[in-house]
Amino acid sequence: MSLLSPPQIPLFRITLFYGPEAVEGASDSVHCVFNVKKRSWKGGVQVEVVMKRNQVERLEGILQHSSWLEVVLRGVSVEKQGSYREKSHDLLVQLLCFHKLHAFIQQGIKQENIQVSGDALIAETDEVVEREAEEIKRQIFIELDLVETEERPPSQ
């Protein structure tokens, strides 16, 4: 008899559809669109997650993203650093939107396409991002696909 239980299967399958992009008509916001499917639903829904730029910038500061990225990019040629910075910023915004989406789902989601506004769930998003700071940096590092040296860049 095994004492191990099977891994918990997530209730939702979430995939990034597109983003981040500027919100049309709102220069102070960016958004990502996710496909979300609950296991019990026959089909999924699209959820547009809007983030205000000032919240993104504030969370970027809390995560010390810029100084962390400088350390990560030390071994990368100067010519390539710009594209890595741009990709890292896009990945950061995607992860911030993902965490905001997760906070939204925790409140209960219906099977309908919806927009999570830039003014919604600010404190909840801030809290989870601060708690998951190291994991966010780890995911960005993996996605940047940089060759890891013997000593991994510090998380700061």
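Brief remarks on what is shown
- Checklist (1) of a type outside the set (D, E, K, R); (2) surrounded by 13 or more Cβ atoms within 10 Å (Cβ to Cβ); (3) out of contact with any strand residue (DSSP E or B) (no Cβ under 8 Å at 6 or more places or on another chain) applied to Q106, failing item: (2)
- Complete set of residues in the stretch 36-51 that are at pLDDT 95 or above, open to solvent by less than 50 Å² (accessible area, probe 1.4 Å) and out of contact with any Lys or Arg (no Cβ under 8 Å at 6 or more places or on another chain): V47, E48, V50
- Matching residues in the stretch 68-86 - criterion: being polar (S, T, N, Q) and exposed (fewer than 12 other Cβ atoms within 10 Å of the Cβ): S77, S83
- Given (1) open to solvent by less than 50 Å² (accessible area, probe 1.4 Å); (2) touching a residue at least 60 places away in the same chain (Cβ under 8 Å), number of the condition L91 does not satisfy: (2)
- Conditions (1) under 22 Å from E134 (Cβ atoms); (2) in contact with a Pro (Cβ under 6 Å, 6 or more places away or on another chain): number failed by L69: (2)
- Counting the residues of the stretch 16-35 that are touching a strand residue (DSSP E or B) at 6+ places or on another chain (Cβ under 8 Å) and open to solvent by 60 Å² or more (accessible area, probe 1.4 Å) gives 6.
The values are calculated or read from the model by the stated rules, or taken from the named source; none is laboratory data. This one's a predicted model, so the numbers in the text were calculated from it and none came from an experiment. Every residue, glycine as well, gets a Cβ built from its backbone with ideal geometry; the counts of neighbours run over all protein chains shown. Side chains are part of the model used for accessible areas, which takes the heavy atoms of the whole protein and leaves out ligands, DNA and RNA. Shrake-Rupley method; radii C 1.70, N 1.55, O 1.52, S 1.80 Å.
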